[in-house]
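The values are calculated or read from the model by the stated rules, or taken from the named source; none is laboratory data. None of these values were measured; they are calculated from a predicted model. Heads up, the Cβs are rebuilt from the backbone with ideal geometry, glycines too, and the neighbour counts pull from every protein chain shown.
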Ligand SMILES: Cc1cc2nc3c(=O)[nH]c(=O)nc-3n(C[C@H](O)[C@H](O)[C@H](O)COP(=O)(O)OP(=O)(O)OC[C@H]3O[C@@H](n4cnc5c(N)ncnc54)[C@H](O)[C@@H]3O)c2cc1C
Ligand code: SF4
Ligand code: SF4
């Protein structure tokens with residue numbers, strides 16, 4: 001979104017392709033942001049709106065890039081428009097269809113913690129405010145069609161493909177969380193009171209499904225909550241050897257927010273090292289310690305459950321080598337980042353050893369990929385937080401702008417990407 005806005009503000013025409021029915025990325029699902037604890041929705045929603053209203057940006061939601069071919073000096077991209085079963089030109093976002101629909105389905109936006117209807121506007125601040133129908137769960141009862149005074153519901157809508165001619169492509173496909181069940185010994189995906197950190201974000205978010213923190217297993221308010229750090233990063237057994245860079249900070253942030261939401265609760269963070277590398281981050285960590293968050297240095301070996309479904313964490317303490325077991329009400333696995341592009345990429349791009357998009361010359365051209373004219377930004381190139389993603393978006397906008405202008409002028413780019421790759 002930020003790269004699109006920066007380029008559009010310079011006068012370039014931008015097509016923004018988003019696979020979900022709304023833009024916003026992971027950020028729109030978060031509660032508050034470290035290190036300022038600003039409301040995430042309050043920062044993201046105006047950006048989403050600016051993208052939607054920018055005259056130079058063509059917003060293509062619920063679309064997937066299918067393929068990219070070289071064409072002349074640029075590219076021809078084939079894009080699939082997935083059917084919403086709702087006419088985007090007619091839908092007003094009034095939600096009458098949603099109120100009429102009798103089918104309840106689990107909400108991916110709320111990480112399965114909440115539910116919504118088979119037809120719905122994706123979430124309250126979604127951009128665009130256009131309904132989408134989940135055909136796999138639809139009864140085809142026709143109630144939404146009758147309720148829609150705009151005549152927008154179209155159960156016969158088909159997928160469509162179209163093409164876009166582009167001078168350059170920017171990969172901004174972001175990250176996915178390490179699957180919660182990746183480390184079987186932690187019981188993620190099996191024990192209901194062992195959850196992923198985006199679930200905790202939804203518990204803590206003002207827009208979340210409950211407006212409070214509770215145990216998914218039985219709905220009780222937890223009084224003892226633990227975080228297991230590096231539960232999917234710096235782990236050779238998973239093939240994820242890198243540090244995901246945000247997990248320490250989001251765990252510290254969530255611990256502070258929980259201390260505010262549940263003042264009587266004890267919060268423990270089991271860690272190998274705490275990495276607080278950014279501006280103001282070390283102070284943020286110290287504030288959490290001052291608030292009473294317990295930091296326990298050790299290596300968590302496994303998690304099992306007692307009869308009351310309380311997770312029991314088995315940890316080897318680094319200080320004295322003792323192995324202890326501690327019982328908590330709720331455990332959050334601080335999962336790492338995997339590249340979203342890795343599994344779904346339609347663009348043929350060289351990847352690094354970490355499977356993120358390779359940046360052959362990061363010191364010379366930090367956003368140039370191994371393919372001339374294709375750039376990368378944000379967590380598509382590697383783990384980073386929002387601040388660094390925004391900086392990277394500004395950098396990619398500058399690089400793209402220079403690339404296009406140099407080609408228009410008939411000059412050779414000073415840091416030609418193929419040169420960089422050879423170097
Ligand atoms: C639990 C948690 C808490 C966090 N808290 C903070 C915080 O407090 N402060 C902070 O600075 N950072 C935080 N982060 C990190 C933050 O989420 C990321 O830095 C940020 O979301 C990266 O933005 P991005 O645009 O690179 O990727 P994403 O947010 O992943 O966005 C990528 C977008 O690309 C779309 N996409 C992917 N593949 C395709 C495709 N093939 N076709 C079309 N579209 C596609 C996705 O749907 C998505 O909309 C947190 C992360 C987690 C996991
Ligand atoms: S599909 Fe119809 S009823 Fe549903 S939100 Fe759109 S206009 Fe309203
Ligand atoms: S047709 Fe499908 S989406 Fe529409 S109301 Fe019936 S079940 Fe819900």
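What number of residues within the stretch 155-175 are assigned to a loop (DSSP other than H, G, I, E, B), within 16 Å of ligand 1 (Cβ to nearest atom) and under 18 Å from residue 81 (Cβ atoms)?
Residues in the stretch 155-175 being assigned to a loop (DSSP other than H, G, I, E, B), within 16 Å of ligand 1 (Cβ to nearest atom) and under 18 Å from residue 81 (Cβ atoms): 2 in total.
Please pick out the residue among 69, 152 that is away from ligand 1 (no atom under 16 Å from the Cβ) and assigned by TED's automatic domain parsing to the domain that holds residue 51.
The match here is 69.
I'd like the residue in the stretch 101-124 that is in a loop (DSSP other than H, G, I, E, B) and in contact with a helix residue (DSSP H, G or I) (Cβ under 6 Å, 6 or more places away or on another chain) and, out of all such residues, is nearest to ligand 1 (Cβ to nearest atom).
Here the residue is 111.
Tell me which of these residue 401 doesn't satisfy, since it passes every other one: (1) out of contact with any helix residue (DSSP H, G or I) (no Cβ under 9 Å at 6 or more places or on another chain); (2) farther than 25 Å from residue 267 by Cα; (3) surrounded by fewer than 23 Cβ atoms within 10 Å (Cβ to Cβ).
The single condition residue 401 does not satisfy is (1).
Taking the conditions exactly as written (without any contact (Cβ under 8 Å) to a residue 24 or more places away in the chain, touching a helix residue (DSSP H, G or I) at 6+ places or on another chain (Cβ under 9 Å) and crowded, with 16+ Cβ neighbours inside 10 Å), does residue 28 satisfy them or not?
no
Limited to the stretch 1-14, what total is found for residues that are more than 23 Å from residue 177 (Cβ to Cβ), buried (at least 17 other Cβ atoms within 10 Å of the Cβ) and in contact with a strand residue (DSSP E or B) (Cβ under 8 Å, 6 or more places away or on another chain)?
5
From (1) closer than 21 Å to residue 339 by Cβ; (2) modelled with pLDDT of 95 or more, pick out the condition that doesn't hold for residue 58.
Unmet condition: (1).
Just one of the numbered conditions (1) over 19 Å from the mean Cα position of the chain (by Cα); (2) farther than 21 Å from residue 162 by Cβ; (3) away from ligand 3 (no atom under 16 Å from the Cβ); (4) surrounded by fewer than 16 Cβ atoms within 10 Å (Cβ to Cβ) is not true of residue 129; which one?
(4)
Which fully enclosed strands (runs of 3 or more DSSP E) of the stretch 250-322 have 3 or more residues being free of Cβ contacts under 8 Å to residues at least 24 places away in the same chain?
Of the strands (runs of 3 or more DSSP E) lying wholly inside the stretch 250-322, those with at least 3 residues that are free of Cβ contacts under 8 Å to residues at least 24 places away in the same chain span 311-317.
Pick from 363, 353: which is over 22 Å from residue 336 (Cβ atoms) and surrounded by fewer than 18 Cβ atoms within 10 Å (Cβ to Cβ)?
Of the residues listed, the single one that is over 22 Å from residue 336 (Cβ atoms) and surrounded by fewer than 18 Cβ atoms within 10 Å (Cβ to Cβ) is 363.
If you go through the stretch 114-130, how many residues are under 18 Å from residue 28 (Cα atoms) and within 10 Å of ligand 2 (Cβ to nearest atom)?
The total comes to 4.
What is the number of the single condition among (1) in contact with a strand residue (DSSP E or B) (Cβ under 7 Å, 6 or more places away or on another chain); (2) within 16 Å of ligand 3 (Cβ to nearest atom) that residue 166 does not meet?
Against the list (1) in contact with a strand residue (DSSP E or B) (Cβ under 7 Å, 6 or more places away or on another chain); (2) within 16 Å of ligand 3 (Cβ to nearest atom), residue 166 comes up short only on (2).
Would you pick out the residues in the stretch 96-117 that are over 22 Å from residue 23 (Cβ atoms) and more than 23 Å from the chain's Cα centre (by Cα)?
Hits for the stretch 96-117 are 96, 99, 100, 101, 102, 103, 104.
Pick from the stretch 131-141 the residues that are within 28 Å of residue 31 (Cα to Cα) and in a loop (DSSP other than H, G, I, E, B): which of them is nearest to ligand 1 (Cβ to nearest atom)?
Among them, the one singled out is 134.
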